[in-house]
1. Residue by residue through the range 246-270, note down the ones that are crowded, with 16+ Cβ neighbours inside 10 Å, in a helix (DSSP H, G or I) and within 21 Å of the chain's Cα centre (by Cα).
2. Just give me the residues in the range 56-76 being under 11 Å from Glu110 (Cα atoms) and aliphatic (A, V, I, L, M), in sequence order.
3. List pairs: first in the range 252-264 and touching a residue at least 12 places away in the same chain (Cβ under 8 Å), second among the basic types (Lys, Arg), Cβ under 6 Å, 6+ apart or cross-chain?
4. If the requirement is being in the same structural domain as Ile236 (by TED's automatic domain parsing), surrounded by 15 or more Cβ atoms within 10 Å (Cβ to Cβ) and at pLDDT below 95, which of these qualifies: Ser59, Ser115?
5. Out of the residues in the range 202-220 that are within 18 Å of Arg166 (Cα to Cα) and touching a residue at least 60 places away in the same chain (Cβ under 8 Å), which is surrounded by the fewest Cβ atoms within 10 Å (Cβ to Cβ)?
6. Which of the residues spanning the range 51-103 are part of a helix (DSSP H, G or I), under 20 Å from Phe175 (Cα atoms) and touching a Phe, Trp or Tyr at 6+ places or on another chain (Cβ under 8 Å)?
7. Does the range 106-116 contain at least one residue that is of a type outside the set (Lys, Arg), more than 21 Å from Leu66 (Cα to Cα) and in a loop (DSSP other than H, G, I, E, B)?
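The values are calculated or read from the model by the stated rules, or taken from the named source; none is laboratory data. Worth saying up front: this structure is predicted, and the values here are computed from it rather than measured. Glycine gets a Cβ as well: all are built from the backbone with ideal geometry, and neighbour counts include every protein chain shown.
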Amino acid sequence: MPATVPARQPRVKPPGSTAPAHRPPAVPGAGGWPGVLPRRPGWDAGLVAITARVEHVGSLLRPPFLRDARAARARGEIAPAEFKAAEDRAVREAVALQDELDLPVVGDGEMRRESFQAELTAACDGFGGVSLDAWLWGMWHSAEVGDATIERPPDLAVTAALHKHRNLAAEEFTFLRGCTSRQTKVTLPSPTLFANLWSPEKSAGAYPSLDAFMTDVVEVMREEARELVRLGCTYIQLDAPHYPLLIDPAWRAFYEARGWPMQRWLRALRKFTSVMSGVSAGERAAGCSSIPRGRRVA
């Protein structure tokens with residue numbers, strides 16, 4: 001939405017002064033705009049119009065009724081149709097919230113996902129040891145709620161060639177577009193997020209190298225992007241490119257042990273961004289973080 005802000009002011013000197021130039025003091029509210037400097041001889045307080053984008057990245061908090069339904073499904077206490085009805089209700093409420101806030105771009109809050117990145121393992125066979133901790137493991141830090149360490153699930157690995165038995169986000173999009181007349185957005189996890197699923201000990205029988213596994217991951221994501229466009233999606237966001245984690249020595253060591261030093265990651269950037277190759281719809285690559293319980297990852 002458009003916003004008006006003061007232009008940067010030139011530095012000026014008092015007449016006859018040899019002192020360093022300085023900016024005139026601000027007079028809040030002058031000229032009818034809060035914080036805009038008044039016009040004075042020798043400088044200009046012109047206004048600059050900027051456009052700020054306002055939209056949420058992807059996930060919204062799951063409502064209690066959806067969390068309860070997910071737990072009941074895990075215990076085998078509700079039928080699939082009953083669980084889907086809870087998901088549908090959660091999506092409608094998420095859309096209504098965004099409509100109420102007059103957001104120009106609307107998503108489904110990723111209500112149908114266990115984690116924003118979990119859809120690859122949910123949509124494809126070939127993985128073992130996958131739980132919520134597959135997406136949360138690591139060292140987390142917070143001055144407010146304290147530090148936490150989540151261990152990597154010991155059996156987490158790709159153990160067979162990937163076989164997709166359903167789409168990742170196509171159903172999310174087709175339901176979402178029926179809930180709003182606003183611009184819709186679908187989020188897809190960056191392929192880089194799944195590199196941690198390859199294990200030298202457990203995955204070599206299916207994929208002899210991390211390169212081979214990531215090639216299949218990229219192809220699955222590329223097919224999903226094309227299917228979304230075929231269905232009419234015009235806004236696809238790639239989430240969490242993962243590259244910032246390589247700043248941390250512990251994460252670099254983790255991937256180096258798998259044959260992927262940082263320079264190899266950088267060379268593979270073209271492969272990962274090829275998820276959008278051949279897609280003519282509007283898309284944006286986004287870097288975001290999933291922060292459980294108010295903590296940041298290290």
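1. The answer is Leu246, Trp251, Trp265.
2. Val57, Leu60, Leu61
3. Within 6 Å, the pairs are Met262/Arg252.
4. Going through Ser59, Ser115 in turn, just one is in the same structural domain as Ile236 (by TED's automatic domain parsing), surrounded by 15 or more Cβ atoms within 10 Å (Cβ to Cβ) and at pLDDT below 95: Ser115.
5. Val220
6. Residues satisfying the conditions are Ala69, Arg70, Ala86, Asp88, Arg89, Ala90, Val91.
7. No, there is no match, as no residue in the range 106-116 is of a type outside the set (Lys, Arg), more than 21 Å from Leu66 (Cα to Cα) and in a loop (DSSP other than H, G, I, E, B).
For every residue, the table says whether it meets (1) more than 19 Å from Leu120 (Cβ to Cβ); (2) of a type in the set (A, V, I, L, M); (3) at pLDDT 95 or above; (4) more than 21 Å from the chain's Cα centre (by Cα).
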| position | (1), (2), (3), (4) |
| --- | --- |
| Leu176 | yes, yes, yes, no |
| Leu188 | no, yes, no, no |
| Pro191 | no, no, no, no |
| Asn196 | no, no, no, no |
| Leu210 | no, yes, no, yes |
| Met214 | no, yes, no, no |
| Leu238 | no, yes, no, no |
